[in-house]
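**Q** Below is a structure I'd like to ask you about.
Every number in this text was worked out from the coordinates using simple rules, so none of it is lab data. Since this is a predicted model, take the numbers as computed values, not measurements. With ideal geometry, Cβ positions are generated from the backbone for all residues, glycine too; neighbour counts draw on all protein chains shown.
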Amino acid sequence: MSAPPVAPVLSLRGVTKVFDGKPAVADVSLDAGPGEIFGLLGPNGAGKTTLLRMVMDILRPDAGAIDLFGRPLDAAAKDRIGYLPEERGLYQRVRVQEILRYLAELKGLSAAEARTRVDRYLHRVELHEVRHRKVRDLSKGMQQKVQLVATLLTEPDLMILDEPFSGLDPVNRLLALELMQERVRAGSTLVLSTHIMEQAEALCARVLLLHHGHAILAGNVRELRESRSEGAVILAGTGDPATVPGAAQVTPIEGPGEPRVKVRLQPGVAPDRFLADFLAAGGRVTHFERALPSLNEIFIAAVRASGNGDSAGGVAAGTSASAAARAVPGGES
């Protein structure tokens with residue numbers, strides 16, 4: 001017996017927003033399930049922020065429907081969301097702990113609980129010592145951490161984060177990620193909006209890629225990469241892979257570290273079969289993996305295939321972008 005469908009936390013169906021006769025978002029659909037990190041991707045100007053503002057009811061869609069927690073968007077649902085906008089909005093002349101307590105109480109926390117959580121989160125992000133300073137006196141990275149704390153204080157069921165790592169150094173990016181993943185492990189949903197494909201590839205199970213407001217690609221990240229594999233492997237070690245049956249072309253890979261080669265396989269040759277033959281021929285392997293395209297490479301190819309941005313272009317395996325984005329992990333797609 002199959003598992004019952006998992007109800008989406010966030011559901012968009014055919015959402016469209018037009019400005020001055022030009023669609024900023026055009027007929028976009030997606031579902032994000034509980035405990036999921038869902039990536040909303042695309043270059044600057046793709047329509048990501050407009051889409052998120054409609055989810056937050058800052059903008060109203062011209063067409064389509066948005067459901068949160070299984071019902072149409074309302075005030076109660078919005079109180080369960082933590083939203084980090086791309087354009088930061090902290091009051092610059094207010095002290096750090098005061099603005100955080102104020103925002104926590106606006107979301108329904110008692111004054112006592114707000115004080116407790118503010119203290120706890122400021123300790124977590126190593127800003128407790130500057131809690132009495134005004135926001136304007138903090139560095140850009142510190143302000144970004146304060147903004148992130150403001151988003152997570154209420155421990156929301158849905159986190160919508162628009163470029164959350166902007167302005168953070170590598171150490172603080174890792175700290176921010178730990179805080180986000182804690183909420184996801186607790187069952188919260190994270191919608192991550194970014195134009196940095198490497199971040200999404202590392203963090204997200206599923207993604208929706210926007211270009212000129214159109215959904216041009218959607219689905220499981222691993223499946224998207226595997227479906228676009230060119231039938232090649234990456235190999236490091238000793239021996240000559242070119243002499244092994246099944247090798248069509250061997251190309252050195254430039255870069256630091258141990259020398260590696262990319263081996264394009266002949267049609268019908270499986271990577272594990274090639275590896276077995278290479279080892280049988282006396283080769284030794286220190287690194288072996290399938291050569292899968294990066295999410296960035298896939299997106300560039302999808303943009304080119306989409307021509308003028310038609311949402312049909314570049315979608316995986318004959319599945320529409322909207323349908324792929326609606327497949328909720330654990331449910332029936």
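**Q** Would you mind calculating the gained length between ARG124 and ALA281 on full extension (0.36 nm times residue separation, minus the Cα-Cα distance), in nm to one decimal?
**A** Answer, rounded to one decimal: 51.1 nm.
**Q** Please list 208-215, 85-92, 55-62, 188-195 highest first by mean number of surrounding beta-carbon atoms within 10 Å per residue.
**A** The densest-packed peptide leads the list: 208-215, 188-195, 55-62, 85-92.
**Q** Starting from the 7 Å offset along Cα-to-Cβ, what nm value, one decimal, do you get for the label separation of GLU289 and GLU254?
**A** Distance between the two pseudo-spin positions: 2.1 nm.
**Q** What length, rounded to one decimal in nm, is gained on full extension from ARG273 through to ALA75, with 0.36 nm per residue of separation minus their alpha-carbon distance?
**A** 65.5 nm
**Q** At a Förster radius of 25 Å, what calculated FRET efficiency corresponds to the Cβ-Cβ distance of THR116 and ARG95, to the nearest 0.05?
**A** The calculated FRET efficiency here is 0.90.
**Q** Once you place label points 7 Å from the Cα toward the Cβ at SER166 and GLN181, how far apart are they in nm?
**A** Those two pseudo-labels are separated by 2.4 nm.
**Q** So, one more: Say the dipole of the chain comes from +1 at the beta carbon of Lys and Arg and -1 at that of Asp and Glu; which of HIS211, MET56, ALA111 then lies farthest toward its positive end?
**A** Sorting the options by dipole projection puts first ALA111.
**Q** Turning to a different aspect of this structure: Quick check on the exposure proxy: order PHE274, PHE299 from fewest to most C-beta atoms within 10 angstrom. If you can, show how the numbers build up before the last one.
**A** Numbers: PHE274 22, PHE299 25.
Listing PHE274, PHE299 from fewest to most nearby Cβ atoms yields PHE274, PHE299.
**Q** Kirkwood Rh and Cα-based Rg: tell me the resulting Rg over Rh for region 185-280, rounded to two decimals.
**A** Checking Rg against Rh, the ratio lands at 1.11.
**Q** Something else now. Place a +1 charge on the Cβ of each Lys and Arg in the chain and a -1 charge on the Cβ of each Asp and Glu, then give the dipole magnitude about the Cα centre in debye, rounded to the nearest 20. Write down the numbers at each step before the final one.
**A** Details: 39 positive and 39 negative charges, 156 e Å.
Using only the charged Cβ atoms, the result is roughly 740 debye.
**Q** Apply the a/c threshold of 1.5 to the C-alpha gyration tensor of region 229-290 and tell me whether it is rounded, prolate or oblate.
**A** Values: a/c = 1.77, a/b = 1.21, b/c = 1.46.
It comes out oblate by the Cα gyration axes.
**Q** Below 13 Å, Cα to Cα, which aspartates and glutamates can LYS262 reach? Residues fewer than 8 away in the same chain don't count.
**A** Result set, ordered by chain and number: GLU230, ASP240, GLU254, GLU289.
**Q** Here's a follow-up. If you average 1/r over every pair of different alpha-carbon atoms in region 62-103 and take one over that average, what Kirkwood value in Å do you get? Kindly include the intermediate steps, with their values, before the conclusion.
**A** Details: mean 1/r = 0.0766 Å⁻¹.
Evaluated on region 62-103, it is 13.1 Å.
**Q** Ranked by Cβ crowding within 10 angstrom, fewest neighbours first, how are ARG120, ARG183, ARG115 ordered? All intermediate terms of the calculation are to be shown ahead of the outcome.
**A** Numbers: ARG120 12, ARG183 20, ARG115 16.
By the 10 Å Cβ count, ascending: ARG120, ARG115, ARG183.
**Q** Report the calculated FRET efficiency for THR243 and LEU174 (r = Cβ-Cβ distance, R0 = 56 Å), to the nearest 0.05. Numbers along the way, then the final one.
**A** On the way: r = 44 Å, r/R0 = 0.78.
After rounding to 0.05, the efficiency reads 0.80.
**Q** Quick check on packing: order 37-49, 96-108 by the mean number of other C-beta atoms within 10 Å, highest mean leading.
**A** Working: 37-49: 21.8, 96-108: 18.4.
Top to bottom by mean Cβ count within 10 Å: 37-49, 96-108.
**Q** Roughly how many nanometres apart are two label points built 7 Å out from the Cα toward the Cβ at VAL6 and GLU230?
**A** Placing both labels 7 Å beyond Cα along the Cβ direction yields 3.4 nm.
**Q** How many times 2.2 N^0.38 Å is the alpha carbon radius of gyration of region 41-131?
**A** 1.33
**Q** So which of LYS17/LYS140; LYS17/LYS78; LYS107/LYS134; LYS48/LYS145 end up more than 27 Å apart, counting from Cα to Cα?
**A** LYS17/LYS140
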